[in-house]
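Asker: I am attaching a structure below and will ask some questions about it afterwards.
The values are calculated or read from the model by the stated rules, or taken from the named source; none is laboratory data. None of the values given here were measured: they were computed from a predicted structure. Cβ atoms come from the backbone with ideal geometry, glycine included; neighbour counts cover every protein chain shown.
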Amino acid sequence: MSRVLIVANETIGGAQLRDIVLARAREGATFDICVPRGRPPHGALIYDEAVYEAAQVRVDLARAWLRDHGIEAIGEVGDPDPYTAAMDAVREYGPDEIIVSTHPETRSGWLRRSLPDRLWEATGLPVEHVVVDLDKEGLPFKVTLVVANRTASNEALIERLGAKAGESEHLFIVVVPQEGGTWESAAAARGRLGQVLALLRRAGLLAAGMVGDPDPYTAILNSLHFFRVDEIVISTFGPTRSGWLRADLIERVKRASPVPVEHVVAEPEAAAAG
């Protein structure tokens with residue numbers, strides 16, 4: 001039985017990689033997943049926790065997809081440098097082979113740094129390079145970015161997401177912007193994130209999430225950089241209670257976003273109870 005280390009980031013959901021992993025699993029292989037963390041292009045400050053969690057979302061989703069196919073895997077977020085991240089994982093897990101998944105050569109920074117060859121030279125392990133062209137092959141599910149804070153567990157939002165999952169196979173990425181840069185605000189956002197993910201998973205939906213930048217607009221732009229998204233759902237209170245609406249968040253995101261944006265208004269009573 002061979003132990004396979006998968007090193008991937010944005011291409012982790014690609015069809016070519018999925019097919020190879022399933023074929024290896026039928027041969028009895030076990031898997032470890034390493035996702036090097038990236039850097040956000042937006043925001044005056046870089047919130048290290050948000051950067052880490054963007055990569056952790058990919059780890060969680062990859063492991064959830066494998067579990068759905070009866071495959072258990074260990075996953076970790078790695079160093080921003082993919083070579084360092086992969087070598088750390090090799091020392092940690094002791095794999096028998098490595099699979100490196102990248103974009104095509106014209107788009108891949110990893111290939112410009114000769115990552116597969118460097119790993120083979122440094123480890124002596126078999127290294128399989130998988131090219132994933134997401135522009136051509138897409139993903140096996142529709143990806144919805146869900147952005148909410150105090151209304152994250154609101155019944156109206158959960159019902160709307162459930163309806164979307166009933167229409168087509170869906171993956172939900174939940175972003176909860178923290179209200180300020182303090183430890184307390186991050187803890188509050190994490191609590192809300194945990195609640196909404198628990199509700200979605202209880203409803204049988206495939207979901208993962210992260211705490212985002214305190215500015216919801218910046219949090220959304222960073223998420224569009226980190227993830228391939230088909231649509232955005234933003235949940236707020238009504239106009240009299242929502243600071244996001246007073247800041248014209250919905251229209252600003254619509255102007256900046258290449259994908260459709262849907263606004264879900266929470267009922268104040270239900271949101272307060274949640």
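Asker: Taking P104, is it in a loop (DSSP other than H, G, I, E, B), of a type outside the set (F, W, Y) and at pLDDT 90 or above?
Answerer: Yes; evaluated as a whole, the condition is true for this residue.
Asker: Okay, next question. Test V196 against the stated conditions and say whether it is in the same structural domain as I99 (by TED's automatic domain parsing), touching a residue at least 40 places away in the same chain (Cβ under 8 Å) and surrounded by 21 or more Cβ atoms within 10 Å (Cβ to Cβ).
Answerer: It is false that V196 is in the same structural domain as I99 (by TED's automatic domain parsing), touching a residue at least 40 places away in the same chain (Cβ under 8 Å) and surrounded by 21 or more Cβ atoms within 10 Å (Cβ to Cβ).
Asker: With the checklist (1) on the phi < 0 side of the Ramachandran plot; (2) assigned by TED's automatic domain parsing to the domain that holds P36; (3) out of contact with any helix residue (DSSP H, G or I) (no Cβ under 9 Å at 6 or more places or on another chain) in hand, flag the one item G124 doesn't pass.
Answerer: Evaluating G124 over (1) on the phi < 0 side of the Ramachandran plot; (2) assigned by TED's automatic domain parsing to the domain that holds P36; (3) out of contact with any helix residue (DSSP H, G or I) (no Cβ under 9 Å at 6 or more places or on another chain) leaves (1) as the failure.
Asker: Here are A186, A156, A270, A203: which of them is out of contact with any His (no Cβ under 8 Å at 6 or more places or on another chain), small (G, A, S), surrounded by 14 or more Cβ atoms within 10 Å (Cβ to Cβ) and modelled with pLDDT of 90 or more?
Answerer: A156
Asker: Can you run down the residue pairs with Cβ atoms below 7 Å, 6 or more apart or on separate chains, where the first is in the range 77-90 and closer than 18 Å to R3 by Cα and the partner is part of a helix (DSSP H, G or I)?
Answerer: Qualifying pairs under 7 Å: A86/L119; M87/A122; V90/T123.
Asker: Identify, from the list I250, I232, the residue that is surrounded by 18 or more Cβ atoms within 10 Å (Cβ to Cβ), within 29 Å of L134 (Cβ to Cβ) and not charged (D, E, K, R).
Answerer: I232
Asker: Of everything in the range 111-138 that's small (G, A, S) and in a loop (DSSP other than H, G, I, E, B), which residue is farthest from A8 (Cα to Cα)?
Answerer: Of everything passing the filter in the range 111-138, G124 is farthest from A8 (Cα to Cα).
Asker: Just to confirm my filter: which strands (runs of 3 or more DSSP E) fall fully inside the range 1-99 and include at least 3 residues that are modelled with pLDDT of 85 or more and farther than 22 Å from D117 by Cβ?
Answerer: Result: 73-78.
Asker: Condition (residue is modelled with pLDDT under 90 and farther than 20 Å from Q56 by Cα) applied to the range 211-234: is it met by at least one residue?
Answerer: no
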